[in-house]
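To keep things clear, I will list the structure first and then write my remarks on it.
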Amino acid sequence: MKTWKFDALLQNNTWITPAFVSVDNNGVIKSIDSQHQGEFHTIKGIALPGYQNAHSHAFQYAMAGTAEHLPKGALTDDFWSWREAMYNLALNVTPENVRAIATMLYSEMLRHGYTSVTEFHYVHHDTNGEPYTNLAEMGTQLITAAKEVGIKITLVPIFYQMGDFGKPASKRQRRFLSKTVEDYLALYEKSQEACKSYCGANIGAGIHSLRAVCDKDIISMLSQIPKNIPRHIHVSEQQKEVDSCIAYFGQRPVEWLLNNTDINENYHLVHATHLNSQEISGICKSKAQVVLCPSTEGNLGDGLFSLRDFWKQGGRWSIGTDSHIGLNPMEELRILDYGQRLHWQKRNILCNKEGEDSGELAFKESIISGRKAMGNDVKDFFAIGQPLDAVIIDSSHPLIAPTSKERLLSTIIYSCDVSAIFATMVNGNLISENSLQKCKVDFFKTIKELKNR
Ligand SMILES: [Zn+2]
């Protein structure tokens, strides 16, 4: 048993000040109190539940920041030309490269306060498109990376079959493909097995997008995955994708999902940028959630999600860092909110009642729905019997120190950067800066190798 003392700790509807948290040897919380008899370790910080990163493609971290110029000979740029640059990287990474990139990325996520990540994982096969001896070789590397640095991971092996609506896959997509539902289920099972190597790993299921799998196989695959497993799917990210879907199915992507699947609270619709009002109400009624990736969506010029209308109808949402062009959870929440403020020319668009606080609403929603995206139904912050996973904010920060608890979450989200984070804790263990720095050597070597390949 070990006891930590924090200056304050956030529970769902109250602050405990100070907070003594005792954990057992597995980092499971045994007691929380504002007083304590006996030994304890003091942390000059404020404990908040760890951020949840509900959407990641780890390998893309290797190209973050390198595609911010017009491609050769082009006068404009968009999502689709960025995708070609991303394919160049996807065609070249080895399992060792993926592990080195993911280890660096996950350590950076921890430094930014994320304690869990959902890996939407679709680079499955070798560079010729042949399956590895272990079907889940690449997923295994992601789990190993997560275990090495101590972040929790939900591995979501992705079903990818075609190039576009009704069109075969291109050669450049060869590393992603499962030809049939049976092929996908074999990959899913191997991935599930790989999760057993790390107590912080669990499994999800996913479809890349409506354009990447044929309709009858989407329905068949979804019906064969256990009901309680979270299901992730990219949807309506780009207007072109919506137009192609209408041309092919005569329906918009979310409209098709609502009409053809058992869409429910275990569905996590990633991006959902271009929705009409029927689709917004349909998602809300189905209790499905959306996963928003504001820095990536901004970077790729996707468009703005209709957060205000969705939220007013009780819609649930989490955040993810997707391509990892940004890794700061406070910034993700800010960009999300500011996009709406700029669009509507109003402030505090999340607040529906007098006295409600934007930062508090955004923080709590992104944590609770983020957990759900990872297959974790726990809604309580720091409950007895749950692991002590926390982001610890520096209580001596110039803006944090004098702020009332009532406005603290907004101060953190709207006015702090990563320097306000004192440390991150997973299973009651402090993740130290030193262990985070160790992976740089392998990461630099990998980037160099990929440049020369
Ligand atoms: Zn994505």
(message) Can you say whether Val235 is in contact (Cβ under 8 Å) with a residue 12 or more places away in the chain, among the β-branched types (Val, Ile, Thr) and more than 26 Å from Ser369 (Cβ to Cβ), as far as the supplied structure shows?
(response) no
(request) Of all residues in the stretch 228-271, count the ones that are among the small types (Gly, Ala, Ser) and buried (at least 20 other Cβ atoms within 10 Å of the Cβ). (result) 1
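Condition check ((1) farther than 19 Å from Arg453 by Cβ; (2) hydrophobic (A, V, I, L, M, F, W, C); (3) in a loop (DSSP other than H, G, I, E, B); (4) touching a helix residue (DSSP H, G or I) at 6+ places or on another chain (Cβ under 7 Å)) across all residues:
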| residue | (1), (2), (3), (4) |
| --- | --- |
| Asn12 | yes, no, yes, no |
| Ile43 | yes, yes, no, no |
| Ser81 | yes, no, no, no |
| Asn97 | no, no, no, yes |
(request) Look at Ser318 and say whether it is of a type outside the set (Val, Ile, Thr), within 15 Å of the ligand (Cβ to nearest atom), within 26 Å of Asn13 (Cα to Cα) and buried (at least 23 other Cβ atoms within 10 Å of the Cβ). (result) yes
(request) For Gly375, work out the one condition from (1) surrounded by 21 or more Cβ atoms within 10 Å (Cβ to Cβ); (2) under 17 Å from the mean Cα position of the chain (by Cα) it doesn't fulfil. (result) (1)
(message) Which condition from (1) at pLDDT below 95; (2) over 21 Å from the mean Cα position of the chain (by Cα); (3) among the acidic types (Asp, Glu) is the one that Asp302 breaks?
(response) (2)
(message) For the list (1) crowded, with 21+ Cβ neighbours inside 10 Å; (2) touching a helix residue (DSSP H, G or I) at 6+ places or on another chain (Cβ under 9 Å), I need the number of the one condition that Gly206 fails.
(response) (2)
(message) If I go through the stretch 99-121 residue by residue, how many of them are surrounded by fewer than 24 Cβ atoms within 10 Å (Cβ to Cβ) and in a loop (DSSP other than H, G, I, E, B)?
(response) 1
(message) Step by step: first the residues of the stretch 279-289, then only those that are of a type in the set (S, T, N, Q) and free of Cβ contacts under 8 Å to residues at least 40 places away in the same chain, then the one that is nearest to the ligand (Cβ to nearest atom). Which residue is that?
(response) Ser286
(message) Out of the residues in the stretch 415-434 meeting the condition of being hydroxyl-bearing (Ser, Thr, Tyr) and more than 20 Å from the chain's Cα centre (by Cα), tell me which one is surrounded by the most Cβ atoms within 10 Å (Cβ to Cβ).
(response) Ser415
(request) State all residues of the stretch 225-252 that are among the polar types (S, T, N, Q) and either within 16 Å of the ligand (Cβ to nearest atom) or on the phi > 0 side of the Ramachandran plot (or both); if no residue qualifies, say none. (result) Ser236, Gln238
(message) Anything in the stretch 369-389 that is farther than 19 Å from Ala8 by Cα and either among the charged types (D, E, K, R) or in contact (Cβ under 8 Å) with a residue 24 or more places away in the chain (or both)? List them, or say none.
(response) Ser369, Gly370, Arg371, Lys372, Ala373, Met374, Gly375, Asn376, Asp377, Lys379, Gly385
(request) Just give me the residues in the stretch 253-278 being away from the ligand (no atom under 15 Å from the Cβ) and under 23 Å from Ile203 (Cα atoms), in sequence order. (result) Leu257, Thr261, Asp262, Ile263, Asn264, Glu265, Asn266, Tyr267
(message) Considering only the stretch 145-156, I want to know if a residue exists there that is in the same structural domain as Gln239 (by TED's automatic domain parsing), in contact (Cβ under 8 Å) with a residue 40 or more places away in the chain and more than 23 Å from Thr321 (Cα to Cα).
(response) no
(request) Would you tally the residues in the stretch 49-77 being within 16 Å of the ligand (Cβ to nearest atom) and more than 27 Å from Ala373 (Cα to Cα)? (result) 1
(request) Quick one: which residue in Thr133, Thr115 is hydroxyl-bearing (Ser, Thr, Tyr) and in contact with a Gly (Cβ under 8 Å, 6 or more places away or on another chain)? (result) Thr115
(message) Let me confirm something: among Ser396, Ser404, which residue is without any contact (Cβ under 8 Å) to a residue 40 or more places away in the chain, farther than 27 Å from Leu275 by Cα and of a type in the set (Gly, Ala, Ser)?
(response) Ser404
(request) Give Leu307, Leu333, Leu292 a once-over and let me know the one that is touching a residue at least 24 places away in the same chain (Cβ under 8 Å), within 16 Å of the ligand (Cβ to nearest atom), surrounded by 21 or more Cβ atoms within 10 Å (Cβ to Cβ) and under 25 Å from Asn376 (Cα atoms). (result) Leu292
(request) Identify the single condition in (1) out of contact with any Pro (no Cβ under 8 Å at 6 or more places or on another chain); (2) outside any helix (DSSP H, G or I); (3) not charged (D, E, K, R) that Ile368 does not satisfy, given that it satisfies every other one. (result) (2)
(request) Inspect the stretch 247-260 for any residue being under 28 Å from Leu135 (Cα atoms) and among the aromatic types (Phe, Trp, Tyr) and give the result as yes or no. (result) no
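One line per residue, one yes/no per condition, for (1) of a type in the set (Gly, Ala, Ser); (2) within 14 Å of Phe159 (Cα to Cα):
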site	(1), (2)
Glu182	no, yes
Gly200	yes, no
Ser209	yes, yes
Ile218	no, yes
Asn266	no, no
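The values are calculated or read from the model by the stated rules, or taken from the named source; none is laboratory data. Bear in mind the structure is a predicted one, so any value in this text is a computation, not a measurement. Please note: Cβ atoms are built from the backbone with ideal geometry, for glycine as well, and neighbour counts cover all protein chains shown.
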